[in-house]
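Participant: Please find one structure pasted underneath; my questions will follow.
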Amino acid sequence: MKALLMDEKAIERAITRVSHEIIERNKGIENLVVIGIKTRGIYLGRMIADKINRIEEGDVPSYALDITDYRDDLKIRAQIKSNIKEAFLEKENMSFSIEGKNVILVDDVLYTGRTVRSAMNALLDCGRPASIQLAVLIDRGHRELPIRADYVGKNVPTSMEEKVKVSILPYDEESFVAIY
């Protein structure tokens, strides 16, 4: 490990700040939905939705997005399922629609932008949201696509050789961000 960038408290503070920024930019929580990109983005998305719900005393839903079938870096791509909603939204009630919603797309680290592009393709296959806004815990730079985050927990300039590791409870044993 080269450096510890964020401990659990720093992550919590970043989630709180980002949640307030989301509420402010969207002028409340009406028509808002949070969708986390598998794997750690799911947990960060749930944390953001929970924080927003506590602040606004509301009920912003949180869903999980699996972009496996949309990745462009897999040698053999799986066939995209005919009912894409079943493939990507993890919720018992599959009648959910993103049509006309303000979607907050959440990921742990923004790097080249390819994951976010894949996630947007998956979302657009499910409907036409009013907007897609990107929230990330870490923005490390080195974009290959013209994608930027609307909400950033921490900007971390890195070299191409460095690795950023995000650990989030309950998926991991503890919550921290480190650079290797």
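The values are calculated or read from the model by the stated rules, or taken from the named source; none is laboratory data. Since this is a predicted model, take the numbers as computed values, not measurements. Glycine gets a Cβ as well: all are built from the backbone with ideal geometry, and neighbour counts include every protein chain shown. We work out accessible area using only protein heavy atoms, side chains counted, and drop any ligands, DNA or RNA first. Shrake-Rupley method; radii C 1.70, N 1.55, O 1.52, S 1.80 Å.
Participant: Would you mind checking the pairs Lys51/Lys163; Lys38/Lys154; Lys2/Lys163; Lys101/Lys154; Lys38/Lys101; Lys51/Lys165 and listing those with alpha carbons more than 18 angstrom apart?
Facilitator: Lys51/Lys163; Lys38/Lys154; Lys101/Lys154; Lys38/Lys101; Lys51/Lys165
Participant: Roughly speaking, what is the centre-to-centre gap between the range 113-180 and the range 9-76 when only Cα atoms are used, to the nearest Å?
Facilitator: Using only Cα atoms to place each centre, the spacing works out to 11 Å.
Participant: Here's a follow-up. Once neighbouring chains are kept in place and the probe is 1.4 Å, which whole percent of the accessible area of the range 91-180 is contributed by carbon and sulfur?
Facilitator: Details: 2140 of 4390 Å².
Taking all protein chains in place, the range 91-180 shows 49 percent carbon and sulfur surface.
Participant: Same structure, new question: I need the Debye-formula profile for the range 1-48: one equal scatterer per C-alpha, no solvent, reported as log10 I(q)/I(0) at q = 0.19, 0.27, 0.28, 0.30 1/Å, two decimals.
Facilitator: Log10 of I(q)/I(0), two decimals: -0.71, -1.07, -1.09, -1.12.
Participant: If I model a spin label as a point 7 Å beyond the Cα along the Cα-Cβ vector, how far apart are those points for Glu99 and Asn121 in nm?
Facilitator: Result: 2.5 nm between the two label points.
Participant: Further question on the same structure: Based on C-alpha coordinates, I'd like the Rg and Dmax of the chain, in Å.
Facilitator: Looking at the chain, its Cα Rg and Dmax stand at 15.8, 46 Å.
Participant: Would you mind putting 55-67, 159-171, 127-139 in packing order, based on average other-beta-carbon counts within 10 Å, highest first?
Facilitator: 127-139, 55-67, 159-171
Participant: Quick one: accessible area per residue over the chain, 1.4 Å probe, rounded to a whole number of Å²?
Facilitator: Per residue, the chain has an accessible area of 54 Å².
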